[in-house]
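Engineer: Starting off with a structure, shown below.
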Amino acid sequence: MHQSTFNKFTYVIKLLTINILIFMNSHIEAANTVVTVNKKGRTITIPNEIMQQFHKFAAEDKKELYLDIGAAYGVATIPLIKDNINVIANDINLNHLLEIHRSCPKTNKGKLLLSAGHFPSDISLPNSSLKGILASQVLHFLTGHEIEHAVNKMYRWLKPGGKVFTISGTAYSNNIQNVIPVYENANHPTIDELPDFFHVLDPEVLRKAFEKTGFIVEKCEFFKRSNLPQYIKFDGRENAILIAQKPY
């Protein structure tokens, strides 16, 4: 019988599924953020550090193809397009993708490909077709099985030597701090009774999922990104980042 990396009782990992719809749809004003059309919370308007590292990696080989999963309004995609880098922008909401297309310079629109659909279920790409993948604030919207499916797809899509860059939400966020005691007691017998909506992740969970698939993990840690909205700011563990490479 297949044992999932996300089976907390088998692997003794910290994973909690919680419903935070009330927080994600709140009308808190936050600088450098904008509410998404698809009610997936807010997206930033200034590239975060993991986006910047992805851009730096992509700029090393502009002839290759790169994928931005959950691109929203293009905060990561548009700077790459302006830098003459070939990018597939994926998002579940077509309006987001149309805004990206509208915002790209006319002279560079040929560098942009649009892919509408839910990741990982709706997206298919040829094996070994990508040099790099960005998944910024995406994985925490997936179930455990979906994350395993997503990591397997990313591994297949990447060329040997290609890299994936991710940043995800954790339990250590000001707007959901009341769940931390429950999260840290993840073996509580009622954990599996909680509703599916948002996975709070941590570096241990991410590392296990990516290493199990065959990735070489270069960096995996809690991270406090710059320009963090006050309603999220907690103790420096607000995000979990991971950079991993497909072996040559």
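Engineer: Just want the ordering: HIS145, HIS140, from fewest to most Cβ atoms lying within 10 Å of their own Cβ.
Structural biologist: With the sparsest Cβ surroundings first, the list reads HIS145, HIS140.
Engineer: Quick check: net charge around ARG237, other residues with Cβ under 9 Å of its Cβ, Lys/Arg +1 and Asp/Glu -1?
Structural biologist: Once all neighbours under 9 Å are counted, the net charge is -2.
Engineer: Going by how many other Cβ atoms sit within 10 Å of their own, how do THR166, THR107 line up, fewest first?
Structural biologist: Taking fewest neighbouring Cβ atoms as first place, the list is THR107, THR166.
Coordinate-derived values only; no laboratory data. As the structure is a computational prediction, the values presented were derived from the model and not from experiment. We place every Cβ from the backbone using ideal geometry, glycine too, and count neighbours over all the protein chains shown.
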